[in-house]
1. In the stretch 1-54, what residues are outside any helix (DSSP H, G or I), of a type outside the set (Gly, Ala, Ser) and touching a residue at least 12 places away in the same chain (Cβ under 8 Å)?
2. Can you name the residue in the stretch 55-71 that is over 15 Å from Val12 (Cα atoms) and in a loop (DSSP other than H, G, I, E, B) and, of all such residues, is least open to solvent (accessible area, probe 1.4 Å)?
3. As an exercise: evaluate Gln81 against (1) open to solvent by 90 Å² or more (accessible area, probe 1.4 Å); (2) out of contact with any Phe, Trp or Tyr (no Cβ under 7 Å at 6 or more places or on another chain); (3) not small (Gly, Ala, Ser) and give the number of the one condition it does not meet.
4. If you go through the stretch 61-79 one residue at a time, how many are without any contact (Cβ under 8 Å) to a residue 40 or more places away in the chain and under 13 Å from the mean Cα position of the chain (by Cα)?
5. Quick check on my filter: what residues within the stretch 3-35 are within 19 Å of Glu56 (Cα to Cα), hydrophobic (A, V, I, L, M, F, W, C) and surrounded by fewer than 16 Cβ atoms within 10 Å (Cβ to Cβ)?
6. Do you know which residues across the stretch 36-54 are exposed (fewer than 15 other Cβ atoms within 10 Å of the Cβ) and of a type in the set (S, T, N, Q)?
7. Do we find a residue being modelled with pLDDT of 95 or more and acidic (Asp, Glu) anywhere in the stretch 3-24?
8. Examine the stretch 41-53 for a residue that is modelled with pLDDT of 95 or more and touching a strand residue (DSSP E or B) at 6+ places or on another chain (Cβ under 7 Å), and state whether such a residue exists.
Amino acid sequence: MTTEELDPLIHVPTRLKIVATLAALPDGDGLSFTRLQDMIGLTPGNLIIHLRKLEEAGYLSSEKSKNGTAPKVTTVALTTQGRKALTTYTQALRDLLGGL
């Protein structure tokens with residue numbers, strides 16, 4: 001195993017929680033920002049920082065929508081690239097733990 005297999009972007013515990021939570025959804029489905037925030041237990045500012053890093057890497061997509069006069073809703077979803085990154089990361093962890 002090489003250190004590159006343990007993706008440092010996903011390895012951060014908060015980002016791992018985000019990616020794992022979104023990976024539990026069917027492919028293409030997402031969660032609203034507020035729902036994800038409640039599930040992970042982060043402040044809005046903290047969540048925004050982590051989501052931005054994951055989105056910049058291509059692991060997440062976000063979409064803002066407005067329904068009439070209702071406030072904008074941001075939905076976040078794991079991309080195909082994000083799912084692949086999580087699969088590679090979890091396999092690297094399994095390989096590492098299997099060698100103990």
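The values are calculated or read from the model by the stated rules, or taken from the named source; none is laboratory data. What you are looking at is a predicted structure, and each value in this text was computed from that prediction instead of being measured. All Cβ positions, even for glycine, are placed from backbone atoms using ideal geometry, and neighbour counts span all protein chains on display. To get the accessible areas, we keep the full protein, side chains included, count just its heavy atoms, and leave off ligands, DNA and RNA. Shrake-Rupley method; radii C 1.70, N 1.55, O 1.52, S 1.80 Å.
1. Hits for the stretch 1-54 are Met1, Leu6, Asp7, Val12, Leu25, Asp27, Asp29, Leu31, Leu42.
2. Across the stretch 55-71, the extreme among qualifying residues is Gly58.
3. The one condition Gln81 does not meet is (2).
4. Of the residues in the stretch 61-79, 3 are without any contact (Cβ under 8 Å) to a residue 40 or more places away in the chain and under 13 Å from the mean Cα position of the chain (by Cα).
5. Correct list: Leu6, Val12, Ala20, Ala23.
6. Thr43, Asn46
7. No, the stretch 3-24 contains no residue that is modelled with pLDDT of 95 or more and acidic (Asp, Glu).
8. Yes: one or more hits.
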